[in-house]
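All remarks here apply to the structure that follows.
Each value in this text was obtained by applying a stated rule to the coordinates, not by laboratory testing. Just so it is clear, the structure is predicted and the values come from calculations on it, not from any experiment. Positions of Cβ are backbone-derived with ideal geometry, glycine not excepted, and every protein chain shown enters the neighbour counts.
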Amino acid sequence: MAEAVLRVARRQLSQRGGSGAPILLRQMFEPVSCTFTYLLGDRESREAVLIDPVLETAPRDAQLIKELGLRLLIWAGTPRSFLYPPDLSLLSLPVNTHCHADHITGSGLLRSLLPGCQSVISRLSGAQADLHIEDGDSIRFGRFALETRASPGHTPGCVTFVLNDHSMAFTGDALLIRGCGRTDFQPEALDSLTFLPLPWPLGFTVSTVEEERTLNPRLTLSCEEFVKIMGNLNLPKPQQIDFAVPANMRCGVQTPTA
Ligand SMILES: N[C@@H](CCC(=O)N[C@@H](CSS)C(=O)NCC(=O)O)C(=O)O
Ligand SMILES: [Fe+2]
């Protein structure tokens, strides 16, 4: 895992945003819920965005942000995988950012640890946050921005964040590497899942749009086949769902834990 992450980090660090400037990127991991958290920053303005923080690792993230001399503008609830798209069209597909069911967001705690930062989540999630975003909204940090793309399916409020130069997309659980998030939490969202799909059972932590388009076993299904398979997964409910969802609807834990 460490080797793969390093390789990804080197590749990502060579990426350039729409301004042509190198972006600062860190991919971090929370092992209990297997959540990836991403830190994106502008080296010049030192402004940064944190995608999908987890409560238990929020102190780690806050420390890194301070060590790197970054100013966290916002954190956003999002994806755990990202793609390097040679073809932009797939990015307008449903990929996500959402109210998580497998862990409590670190957003509330980060608001205490890093005064001034604001929490962000989609309006359609129904969750509390300092800022609600919708499809088409841009989250700016220095010379960069994340474009918000609605990607319902895993949950109705899922969004995907696309870097403004279209070099990366953070898809959350909507689209996973070689898989996709479950769709039984909000079955009414299934209608929008015409092309979704896929997780990272093979240990991959980065992929490309082209790879998923051709190799993702769910992306290559017909809509009817996809709905049938997703409706018959019979997965056990996430272990933390009973307390994670209520907490995440309130933006996570709001005060530092003892
Ligand atoms: N075993 C873990 C995660 C269970 C789970 O349902 N995860 C979700 C994403 S988090 S909302 C999911 O969509 N999984 C896809 C799958 O195919 O399992 C736990 O209990 O926390
Ligand atoms: Fe999820």
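The calculated FRET efficiency for the pair Lys66 and Met249, based on their C-beta separation and a Förster distance of 22 Å, comes to about 0.15. The Rg/Rh ratio of region 139-183, with Rg taken over Cα atoms and Rh as the Kirkwood radius over Cα pairs, comes to 1.04. You can think of it this way: the chain between Glu224 and Ile241 has 3.3 nm of extra reach, that is 0.36 nm per residue less the Cα-Cα gap. Each peptide in 32-42, 103-113 gets a packing score, the mean of other Cβ atoms within 10 Å over its residues, and the list from highest to lowest is 103-113, 32-42.
Put simply, when 136-147, 164-175 are sorted by average Cβ atoms within 10 angstrom per residue, most first, you get 164-175, 136-147. If you plug the beta carbon distance of Asn234 and Glu44 into 1/(1 + (r/R0)^6) with R0 = 41 Å, you get a FRET efficiency near 0.25.
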